[in-house]
1. Take region 562-572 and flag every residue that is touching a helix residue (DSSP H, G or I) at 6+ places or on another chain (Cβ under 7 Å) and either aromatic (Phe, Trp, Tyr) or within 11 Å of VAL617 (Cα to Cα) (or both).
2. From the list SER83, SER54, pick out the single residue that is open to solvent by 10 Å² or more (accessible area, probe 1.4 Å), among the hydroxyl-bearing types (Ser, Thr, Tyr) and under 23 Å from the mean Cα position of the chain (by Cα).
3. Within region 108-135, how many residues are charged (D, E, K, R) and over 19 Å from TYR52 (Cα atoms)?
4. Condition check: open to solvent by 50 Å² or more (accessible area, probe 1.4 Å) and modelled with pLDDT under 75. Does ASP296 satisfy that?
5. Tell me which residues, restricted to region 540-562, are more than 24 Å from THR702 (Cβ to Cβ), surrounded by 16 or more Cβ atoms within 10 Å (Cβ to Cβ) and in contact (Cβ under 8 Å) with a residue 24 or more places away in the chain.
6. If you check every pair at least six apart or on different chains, which have Cβ atoms under 6 Å apart with a residue in region 570-581 that is closer than 15 Å to ASP510 by Cβ and part of a strand (DSSP E or B) first and a residue that is open to solvent by less than 10 Å² (accessible area, probe 1.4 Å) and β-branched (Val, Ile, Thr) second?
7. Considering only residues that are in contact (Cβ under 8 Å) with a residue 60 or more places away in the chain and surrounded by fewer than 17 Cβ atoms within 10 Å (Cβ to Cβ), look in region 629-666 and name the one that is nearest to ALA57 (Cα to Cα).
8. List, please: which pairs have Cβ atoms under 9 Å, are six or more places apart or on different chains, and start with a residue in region 240-268 that is under 14 Å from GLN177 (Cα atoms) and surrounded by fewer than 16 Cβ atoms within 10 Å (Cβ to Cβ) and end with one that is at pLDDT below 85 and of a type in the set (Gly, Ala, Ser)?
Amino acid sequence: MEAVGGYAAGVYLRSPTTGLLLMAVFTGLPLQLFRPWWRMQVNRPFPVAEAYRSGQAVLLPDAESTMSRFPQLMAGLPFPFASLYEPVTDGTERFGVLVVLREATPGIPVGTADRERLRLAAERLAAELAALTAAGARVVWEGDPVGGPAPPPEAGAEGARRAADRLAQAVLSLDRQGRIGYVNTAAEHLLGIGGPQLQGKLLWQALPWLGHPAYEDHFRAGFMSGEPVHFAARRGRHPPGQWLSVDLYPSVDGVTLTLGTSAKPAYAPTSRAGRDPDADPAVAADADVDVDADVDLDASADEASALYRPVALAIALTEAVTARQVSAVVTEELLPAFGGRQLAIYLLDERHLYLAWETGFPMGFLNRFDGVSLDVRLPGVETLTTGRPMFFESMQHLAAAYPGIPLDADVGARAFLPLIASGRPVGSCILGFDAPRGFSAEERTALTALAGLIAQALARARRYDSEAALARGLQSALLPHRLPVREHVATVGRYLPGTQGMEVGGDWYDVVETGTGLLALVIGDVQGHGVAAAATMGQLRSAVRAFALSGSTPEQVVSGTNQLLIDLDPGQFASCCYMLLDPESGSVMAARAGHPQPLLRHPDGRTEVLDLAGGVVLGIDPEASYPVTELRLTTDSVLALYTDGLVEKPGTDIDVGVERLRAALAAARPAPLAETADRLISEAGNAADRPDDIALLLASRTD
């Protein structure tokens, strides 16, 4: 932290839950202000998750760069600050992410020296964690984060104390953890508490009324932006209802806080959980509050996160494309925001509700409600038919309202939300809580509004899913159902559609028996996805087959297909690799149009990336030329043609993916060829989210 000029730093580590990072240690800022960010799903669009996924540093020097790349982070922390994220890795082992916060440097990128210092710090930490792993320890984090060490709050020099004591204004000095150091005489008189009782305590423990969620944004702004912050706060001590002006003057080594009497502001801040500080009995405590008593700030912190998480949810929903992605976003963002533990989403189809997503409920419990008619009296049905959300503060209330309804627990609370988009019913959403709880007016309003956003996202996702199904059907119909069987040559093809939205329809492969006895091997990738890309792919495949059957040379095939795509003008372009193989001699003539270079595995296992001459992608330049490269395919050698979806990963150079594929082909047995194809594509096939579709074509010379 000090080496790169930061004012706060921390470490996220893996947790026992797959895909979940937990903040393990943090210093320089009060932990309770950052409870919404203690947990981080690795697939979310936040810089911590990005650094962990990609294995690359994420460096954000100012608010503008953060907003452009990670708007969800800025939605929760809309302050001018810089943040640096360095993955903590040892070889292929990913432990977590090192984070440093510092003052923003607008327009000035993070310098090379600071980058190197951050990287070296992460490497040292990774080496220590790797040593623990080697010693048999399981390097995961469980529970809440630990506040990093900080020097004790300084009471200040005697001269400074005397000078501050002459002031009529109340002055308190805080360290970067929010602990009180110096308290001047005016502050003691105003608060009615002696300095020794306050020193060393967290501000929000000593003065609970300042821990109200309505004021947390102000403290975050002060601690993070480095700029003065001014706001009004209502104290809960004697005299009751008194408003005080609060001023924060931060620096890298601490924060000076001043308090002054103030009339009630024109705008009185309200709680994020819907409780006005005026009316909150926890805030309007009388003068007998014991500052030494433990103060439970968990409720306030959870309520504060209830605003940030919905903002993040709203942004994340705009990025979710499929119904599965929408449901996953709701699970990851909505449940933590309101402290929920169970979630179920039902979708409407022909006047019946079908379970689309569930988490947290006992296995099989919800099966009895799957496919229920809209005529059945159930809360999940009636919330949709009436259009009104339903909140039950305890399971007893739910059982009393719906006698005989099966319950999955005796203790808890439930919220049933209608999912209605543009006046049309989409389904219903059930939120479950492990303990009884009330639902404030603001929480009910927020949940109802969020249900509308979820409904809009699900309605959009269902349209995407329908079009995706159509595109997949079209793609399946257009791809070859079997490849020709020829003596001395074995060929195997594989295709995998993408899993994110409309990522289907652009890739194809084919094997064509030409009229001259040669065998044409072709693979291509149409830019774009969906029905339009699948249709264009079908036209290109037909064109290539027609040119190949006419006995055209590879250059003529690719040039003719290029001209056809330009004439069709579908607003798309395509890459392609075309090879003409003589099964008897093994000679190959190849032409390439902007496509990834094929791989060649020799009989001894040596595998190389071919260097074929090529031209620009199809559909761009009517005058483009496509030179031909000649090579030879010996017996027991394997030729691999593939599309970029097999080797590209977000945040990783494509050359890394090509090298990974080359090594996998070198390690594979050359026969049977189908087994080799399955091995090469297995890693991509097991991925939950594939951003692109994948085509693979293998050809091998046999005796």
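1. LEU565, GLN572
2. After ruling out the rest, the residue left standing is SER54.
3. Here is the first cut: in region 108-135, the ones charged (D, E, K, R) are 114-117, 119, 123-124, 128.
Right, trim to over 19 Å from TYR52 (Cα atoms) and you get 114.
The number of residues fulfilling the criteria is 1.
4. Details: open to solvent by 50 Å² or more (accessible area, probe 1.4 Å): yes; modelled with pLDDT under 75: yes.
Yes: the conditions hold for ASP296.
5. Listed by number, the residues that qualify are LEU540, ARG541, VAL544, ARG545, GLU555, VAL557, VAL558, SER559, THR561, ASN562.
6. ALA574/VAL526; CYS577/ILE523; TYR578/VAL522; TYR578/VAL557; TYR578/VAL558; MET579/VAL588; LEU581/VAL588
7. The qualifying residue nearest to ALA57 (Cα to Cα) is GLY651.
8. Here the result reads SER251/GLY226; VAL252/GLY226, each pair linking region 240-268 to a residue that is at pLDDT below 85 and of a type in the set (Gly, Ala, Ser).
The values are calculated or read from the model by the stated rules, or taken from the named source; none is laboratory data. In this text, all values refer to a predicted model and were calculated from it rather than measured experimentally. No Cβ is skipped: glycine too gets one built from the backbone with ideal geometry, and neighbour counts run over all protein chains shown. Areas reflect the complete protein model, heavy atoms only, side chains present, ligands, DNA and RNA absent. Shrake-Rupley method; radii C 1.70, N 1.55, O 1.52, S 1.80 Å.
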